[in-house]
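The structure appears right after this line, and notes come after that.
The values are calculated or read from the model by the stated rules, or taken from the named source; none is laboratory data. These numbers were taken from a predicted model, which means no experiment stands behind them. Methodologically, a virtual Cβ is constructed for each residue, glycine included, from the backbone with ideal geometry; neighbour enumeration extends over all protein chains shown. Protein only, heavy atoms only, side chains kept; ligands, DNA and RNA dropped before computing areas. Shrake-Rupley method; radii C 1.70, N 1.55, O 1.52, S 1.80 Å.
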Amino acid sequence: MENTVRLTVAQALVKFLTKQYINVDGEQSRFVHGVMGIFGHGNVVGLGQALEQYQDEITYIAGKNEQEIAHACTGYAKQNNRRAIYAATASIGPGALNMVTSAGTATVNRIPLLLLPGDAYADRQPDPVLQQMENESDYTLSVNDAFKAVSRYWDRIVRPEQLMAAMLNAMRVLTDPEKTGAVTICLPQDVQGEAYDYPQSFFEERVWYLDRRPASKAAINRATDVIKNAKKPMVLSGGGVRYSGAGAALMKFCQNHNIPVAETQAGKGEIPYTFDGYLGCAGVCGTQCANEIMHDADVIITIGTKLNDFVTNSKYSFSKGAQVVSINVSQFDAMKLNAHSIVADATEAIVSLDDALGDYQAEWGSKVKEAKDKWEELRREFANIELPDGFSQTRAVMELNNLLTENETIVVASGSLPSDVERLWEVKRPGQYHLEYGFSCMVYEFGAALGTKLAEPDREVYALVGDGVFLMGHSEFVTSIQERKKVNVILFDNHGHQCIHNLQRSQGCDTFGTVFRHREADGKLSGDYIKIDYVKIAEGYGANAFRATNPAELKLAIEEARRSEVSTVIVVDVLPGTMTEGYENFWRVGVAEVSQKQAIQQAYESQEEALKEIRKY
């Protein structure tokens, strides 16, 4: 009979996590590196006790906001290319629910995130316990059922022996490149402390192998026929290229066949910007040259992208008869846009397709170079913007791109900054550009900056945020100070949600609810900008803080931030509305069909004209 060890559910869970490893291409490493959390009555004496017991074997970081700690875990996993994770725990009720947004962010971006929320008592004796929400029609439900919609795997442990099957399934999903995302394991308060005689084998070192899925010969042959019959194919490189480590193989493929390559936000940086066929990012936030070439392409080879509307220009860029060849480890994504699908690991499929194409060469002529030259002229204009009233945001982004070195990493997620950095940033090394744009989740930046610093402790990490993001939440900036894990926040202060303000006005609407102004006597938010001293706020936390209103001050602030031994905030005062605009793009946003304003009527008519020609599926 197998030897057993008597442990509580929480103790067994923590011990199990310390024994999980991942093997990628023969390189084996520990998979779960720690837990971040906030203790409440729903987890402190159960899971909290276990984490204290095993603190020499697994790190625990005490966070300040449940959503942000889960973002930190996501950022850590993303920066480790999904090969290492932190788990996140919270108490029951509101603490648990605060992590739902983070779960959605991880799942949408296909990043492994293990969530361990406390739950109501399984035996129901003290019901309703503090923070429990009772459902009169289905008493088995708790607030944690809200995680089902945003989790790739969900389970609730109501008996101690269930933990074994639950955690094996959790690890199956977390280490699967196709299925990964948020995994939620709900832990009722009483069950966390219940003991069971677990078999010793459950706690032996377990290796999860990330075996690369090869492309089928038939799929490669079908795709080869499509590409060989094309004159102007192009590549759209997504996050799957990054996570597969396929950048070098893709570069060779494009060079061998004279095929230009554009990127998505998740894929940016895997192809050197110095490559002659490099176009930058495509789509709503894309470069003029990438969108111009995408409109002219007769075959678009998409690799490792879920093809959201920002990438496809709401399918506008795929509406002119171009065929799609899609390489993706997920069949769900590979079939989109009626594509010729290759369901495989990105590296495996690229190498196979490269060989199958033989000496095939695309016939772009001078078109790619001409499109790139026009875009480079625009970039030079952005780099030299001088405005009489203040600092341009695009100029500030260009200055930062020049100031930050190859050894420094940026984290971005929401507002107008993703558009600017996607268009303008020249990535100096793979992994330097950490951007979450599958969910464009505000406040991801602060947690992810901490997670990135944990993943890369020897690099400077910079979170680029707007003032709207800062006001929404920055709790894990405080945790970075507590943990002595220095991060730098570059706060662009433009007095509102200016990207949405621009969208509002571009569709004929008046300014309403998007700018941070005082309310006037007439009841309207049309007064002066509210004045917030972000430098003082940062200093109040114990950070070093600086202000920059022009390129020279920004340069000095970056130099001072590098010398700082604690986390920093650089407040950059920028003029509203000075971000980059759209180039050869279209984004469907649902304009009002009926309005008394002529400008809105015109915006609706323009949208309807575009929808007549746009691809429907």
Taking +1 at the Cβ of each Lys and Arg and -1 at the Cβ of each Asp and Glu, which of Met133, Gly104, Gly75 sits farthest along the dipole of region 75-139 towards its positive end, judged by Cα position relative to the Cα centre? Gly75
Taking 1 over the mean of 1/r across every pair of different Cα atoms in region 286-391, what Kirkwood radius in Å do you get? 16.0
For region 1-95, which GluC sites (Glu not before Pro) pass both filters: DSSP loop (anything but H, G, I, E, B) and at most 13 other C-beta atoms within 10 Å? Glu2, Glu57
Taking 387-397, 425-435, 488-498, 216-226 and ranking on average Cβ neighbours within 10 Å, highest first, one gets 488-498, 425-435, 387-397, 216-226
Sparse-neighbourhood loop hits (trypsin sites (Lys or Arg not before Pro), region 468-512; DSSP loop; Cβ within 10 Å at most 11 others) -> Arg484
Charge dipole (debye, nearest 20) of region 184-289; +1 at Cβ of Lys and Arg, -1 at Cβ of Asp and Glu: 1040
Taking Cα pairs closer than 8 Å and at least 6 residues apart, the relative contact order of the chain in percent is 13
Relative to the Cα centre, what is the charge dipole magnitude of region 151-234, using +1 at the beta carbon of each Lys and Arg, -1 at the beta carbon of each Asp and Glu, and rounding to the nearest 20 debye? 1100
Whole-angstrom gap from region 458-497 to region 540-617, using each part's C-alpha centre: 17
One can check that the equivalent ellipsoid of region 227-369, built from the alpha-carbon gyration tensor with semi-axes equal to the square roots of five times its eigenvalues, has lengths in Å, largest first, of 18, 18, 15
Cα-based Rg and Dmax for region 439-595, where Dmax is the largest Cα-Cα distance (Å): 17.8, 57
Spatial separation of Cα centroids for region 325-339 and region 172-200, in angstrom: 31
What lysines sit close enough to Lys597 to cross-link, taking a C-alpha to C-alpha distance under 21 Å and skipping anything fewer than 8 places away on the same chain? Lys524
Percentage of interatomic Cα-Cα distances in region 41-144 larger than 24 Å: 30
For the chain: accessible area per residue (Å², 1.4 Å): 41
Where the centre of each part is set by its Cα atoms, how far does region 376-424 sit from region 63-121, in angstrom? 31
Which listed residue (Phe477, Trp364, Leu236) has the Cα farthest towards the positive end of the charge dipole for the chain, taking +1 on Lys and Arg C-beta and -1 on Asp and Glu C-beta about the Cα centre? Trp364
Quantify how much of the Cα-Cα distance distribution of the chain extends past 30 Å, in percent. 57
So what is log10(I(q)/I(0)) for region 115-194 at q = 0.17, 0.24 1/Å, when the Debye sum runs over its Cα atoms only? -0.68, -1.15
Listed residues Ala344, Ser330, Tyr316: farthest to the positive end of the dipole of region 304-349 (Cβ charges): Tyr316
Can you compute log10 of I(q)/I(0) for region 357-477 with the Debye formula, treating each Cα as one identical point scatterer, at q = 0.09, 0.11 Å⁻¹? -0.33, -0.48
